[in-house]
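Here is the structure we will look at.
The values are calculated or read from the model by the stated rules, or taken from the named source; none is laboratory data. All values derive from a computational prediction rather than experimental measurement. Positions of Cβ are generated from backbone atoms using ideal geometry, with glycine treated the same way; all protein chains shown enter the neighbour counts.
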Amino acid sequence: MGNAEMEEFIEHVTERTDIYSVVSRYVPLTQKSGRYWGRCPFHNEKTPSFSVRPDKGLFYCFGCGAGGNVFKFLSLIENITYFEAVKLQAQRLGIEIPAKKSSPEQERRRREEKLLLKINELAQDFYHECLIKTARGEVGRKYLAARGITTETIETFKLGLAPDEWETLFKKLTRQNFSAQQLEAVGLIVKRKNSFGYYDRFRERIMIPIANIFGHVVGFGGRVLNNADETTPKYLNTPETALFNKRNLLFGLDKSNRAINAAGTAIVVEGYMDAISLFSAGIKNVVATLGTAFTPEHANLILRYARKIIFCYDSDEAGQRATLRALPIVQQIGAEVFVVKVPDGKDPDEFIRKHGKAAFEELINNADTLVDYRMNYVLAHTEYGTTAGKFRALQEILPVIVKVNDDVKLKDYLKKIANALSLDEYLIEDEWKKISSITEPDRNAVVIKRKKLAAEENPQLKAACEDILRMVWYEGDILGYVLALVPLENFPEVHQEIIKWIETCMAQERRPDQMNAAIELSDEANAELARILIKGSDQPRERELVVFDDSVNILRLDMLEKKYNKLRAQSEKDMPNDEATRFKIIEELIKVKEEINNLKGNR
C-alpha cells in the first residue's frame, strides 16, 4: 500500500468519524458552553475537566494534559498504536483496510495463517454436516433440542457433531492434501504416544466453533455427549496454537458485537452453552470466556463496544470466586461493572430454559453493583460478630470503593457498609481515606505529563503564545512574519517543537493537520496543540487579527525588555574601556528603549 493510498484511506476514515460518537462510548459527556465535558478516563477525578470539541475534532483534559484528535484518544483508551486506532475505527465503520506491501517472511506467515484458517473452516463444515445431515447426528440434534437450542441458533453458530470415530476427520483432510503437521498445528489431531500415526482430538462431542472478532474460526470447544466415564472431560478446547489464545478470545463476540454496541452493555457468562442458550432465547449481547479466567485483554475487547459489563457466572462457590477475580480487572480499566447472581444455584443456561427471557431480563435489570456484590460476598463468608472480624471484613470491602468517583454514591456506600457492620460512619470513612492514600490514582498510567511552560509564570505571556500558535495553525503563511519579530528561542520549549514542525510542513508544501500532528509531534507537543486549539475562541475574523497583533506585540515587548535589562546589566558591570564599543552598547540601549516605548504607547 503506497503513501498516497494510505493517506486517502486515513482521510476517508477521518471524514466518516465523529469524535463525540467515539468518545461518548467510553466517557459520559454533558454539553456546556458549546463543548462537551466529562470525567477523564485517564486519571481519577471528581470534577469533570475532560473536554471534547466536535467542531474541532479534538479532546483535551485540563487535569492531566492528555489531548489530541479522535485516533489519539482511541490509541490511549485501547492501549494500541495510533495506526491500530485508525484501523479499529475503520472496522467499526465498515471501511475496508487497504492491503500493505509485506516482506517475504510476512507473506509466508500470512499464507500459512490463511491455510490454517482454511483447515478450521473445513473442519467446521465437516462437524456441522455430521450434525444436521447424517444419521450419526441424531444424538446431537436430540441433545440440542432438549436444551432449547433452535435450528436457527444451530445455523448461526454453525454447531456440529464430532462422531464417535478415531480417524474420520484426519483421513478426510489428509485426502485434501493437508499434512498431519498442519492438522496438528491447529489442534484437530493428536499424535499417538505408543505407536505411529494420529487420531482425532474431538470424538462424540457437540462441536462449537470459536471465531475471532473477524468471524474466522480459530478453534473449537467440544461438549461431551456421553459423560458416564468420569475421566472424560465435560468440555474440551483446542489447545493453544498460533491461531487460538484463550486470553485474547471471547466466544460469540463476532456474533454479538453489534448487539453489545446497541445496548451499551455486554453480558459475560462462563460457558459456551450459557452464551448459546441466552442468544437463542433472544439475549443477543452476550459473550463467554473459554474456560479460563477473565483477563485484561477480554475487558479491552468488550470496551471497544460498550462501557457497561454485567457478569453472570454460575452462582455456585466456584462461579462466585471467578466473579470476584474478574471484577478488579474490569474496574481497573474504568468500565461500569454489575453482577447478576442467578437464583437457586443455577447457571444462566438452566435459568433461562426454565424461566424464560423476561425473567432473565429482570435479573439483568436488578443486577448488583460491583460494590454491593463484593460487600454481600464478604459478609456471607466472614465472621464479623467481633471487632476484629468487622475490620477484617472492612479491609476486604473497601478496596473496591476507592475507584468510586461519584461523591453521592461514595457516601451511600460508606453508610451502607457502616450499617451492615454496625460501625460508626466516621470509622469507615477514616479507613477509606487510609486505603485511598496508598492506592495508585491512575487507571493505567496513561497520563501525559506536561513540562511546565516557562511562559506559564506570566498568564499574559502564556495567552499570547497560545493566540499566536492558534493563528499560525490556521494561517501558516504568517509564520515568517512572526519569527521575524519574535525569534523562535523566545517561545516555550514545547511551542518551539510545534513551530518547527509547522515550518517543516510549510517547507514540504503540505498543510499541517491533526492527523500528522498526532503522528509526528511528541505526545507532549500534540496534547499542548490540542489544548490550544480546543480553547480557541469562535470570534469573527476581524477580532482574531486584533488579538493576534496584540499577542505578537506582547511577546516582542517581553523579548525587548529582557534584552534591554541584559544590555544594561552588562554596561553597569563591565563597560568596555574602548570608546567605540562603549558607544555601540549605549546606542543599542537607546534603540531598544525607544522600541519598548513605542510598543507600550501603541497598546
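Structure notes:
- The condition of being modelled with pLDDT of 90 or more, under 20 Å from Thr292 (Cα atoms) and either of a type in the set (Asp, Glu) or surrounded by fewer than 21 Cβ atoms within 10 Å (Cβ to Cβ) (or both) does not hold for Asp316.
- Tyr305 fulfils the conditions (1) in contact with a Leu (Cβ under 9 Å, 6 or more places away or on another chain); (2) modelled with pLDDT of 90 or more except for a single criterion, (2).
- Elements of type helices (runs of 4 or more DSSP H) contained in segment 348-387, each with 1 or more residues being at pLDDT 90 or above, more than 28 Å from the chain's Cα centre (by Cα) and on the phi < 0 side of the Ramachandran plot: 348-355, 357-365
- Val337 being at pLDDT below 90, closer than 28 Å to Ser436 by Cα and assigned to a strand (DSSP E or B): yes
- Cβ-Cβ contacts under 6 Å between residues 6 or more apart (or on different chains), taken from a first residue in segment 530-549 that is under 14 Å from Tyr474 (Cβ atoms) and outside the structural domain of Trp473 (by TED's automatic domain parsing) to a second residue that is at pLDDT 65 or above and of a type in the set (A, V, I, L, M, F, W, C), are absent.
- All positions within segment 231-271 that are surrounded by fewer than 16 Cβ atoms within 10 Å (Cβ to Cβ) and β-branched (Val, Ile, Thr): Thr231, Thr232
- Of everything in segment 87-97 that is more than 18 Å from Tyr20 (Cβ to Cβ) and hydrophobic (A, V, I, L, M, F, W, C), the residue that is surrounded by the most Cβ atoms within 10 Å (Cβ to Cβ) is Ala90.
Each row is one residue, and each column tells you yes or no for (1) without any contact (Cβ under 8 Å) to a residue 40 or more places away in the chain; (2) not polar (S, T, N, Q).
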{"position": "Thr14", "(1), (2)": "no, no"}
{"position": "Leu29", "(1), (2)": "yes, yes"}
{"position": "Tyr36", "(1), (2)": "yes, yes"}
{"position": "Phe42", "(1), (2)": "no, yes"}
{"position": "Pro48", "(1), (2)": "yes, yes"}
{"position": "Leu58", "(1), (2)": "no, yes"}
{"position": "Gly67", "(1), (2)": "no, yes"}
{"position": "Glu78", "(1), (2)": "no, yes"}
{"position": "Gln89", "(1), (2)": "no, no"}
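- Among residues of segment 78-136 being basic (Lys, Arg) and closer than 30 Å to Asn261 by Cβ, the one that is modelled with the lowest pLDDT is Lys100.
- Condition met for Lys449 (at pLDDT below 85, closer than 24 Å to Cys40 by Cβ, in contact with a helix residue (DSSP H, G or I) (Cβ under 8 Å, 6 or more places away or on another chain) and surrounded by fewer than 12 Cβ atoms within 10 Å (Cβ to Cβ)): yes
- Between Phe42, Phe9, Phe73, Phe59, the distinction of being of a type in the set (Phe, Trp, Tyr), in contact with an Asp or Glu (Cβ under 8 Å, 6 or more places away or on another chain) and not assigned by TED's automatic domain parsing to the domain that holds Arg307 belongs to Phe42 only.
- Close contacts from segment 261-288, counting a first residue that is under 21 Å from Arg205 (Cα atoms) and a second that is small (Gly, Ala, Ser) and modelled with pLDDT under 90, with Cβ to Cβ under 7 Å and a gap of 6+ residues or different chains, come to Glu270/Gly319; Glu270/Ala322; Ser277/Gly148; Ser280/Gly148; Ala288/Gly271.
- The number of residues in segment 97-156 that are under 30 Å from the mean Cα position of the chain (by Cα) and under 27 Å from Arg353 (Cβ atoms) comes to 1.
- Residues in segment 162-221 that are aliphatic (A, V, I, L, M) and touching a residue at least 60 places away in the same chain (Cβ under 8 Å): Ala162, Leu183, Ala185, Val186, Leu188, Ile206, Met207, Ile208, Ile210, Ile213, Val217, Val218.
- Residue within segment 164-178 that is closer than 21 Å to Gly291 by Cβ, acidic (Asp, Glu), surrounded by fewer than 19 Cβ atoms within 10 Å (Cβ to Cβ) and not assigned by TED's automatic domain parsing to the domain that holds Tyr272 present: no
- Selection within segment 148-181 - charged (D, E, K, R), in contact with a helix residue (DSSP H, G or I) (Cβ under 7 Å, 6 or more places away or on another chain) and closer than 18 Å to Ala281 by Cα: Lys158
- The residues on offer are Gln106, Gln124, and the sole one that is polar (S, T, N, Q), within 30 Å of Leu188 (Cβ to Cβ) and touching a strand residue (DSSP E or B) at 6+ places or on another chain (Cβ under 9 Å) is Gln124.
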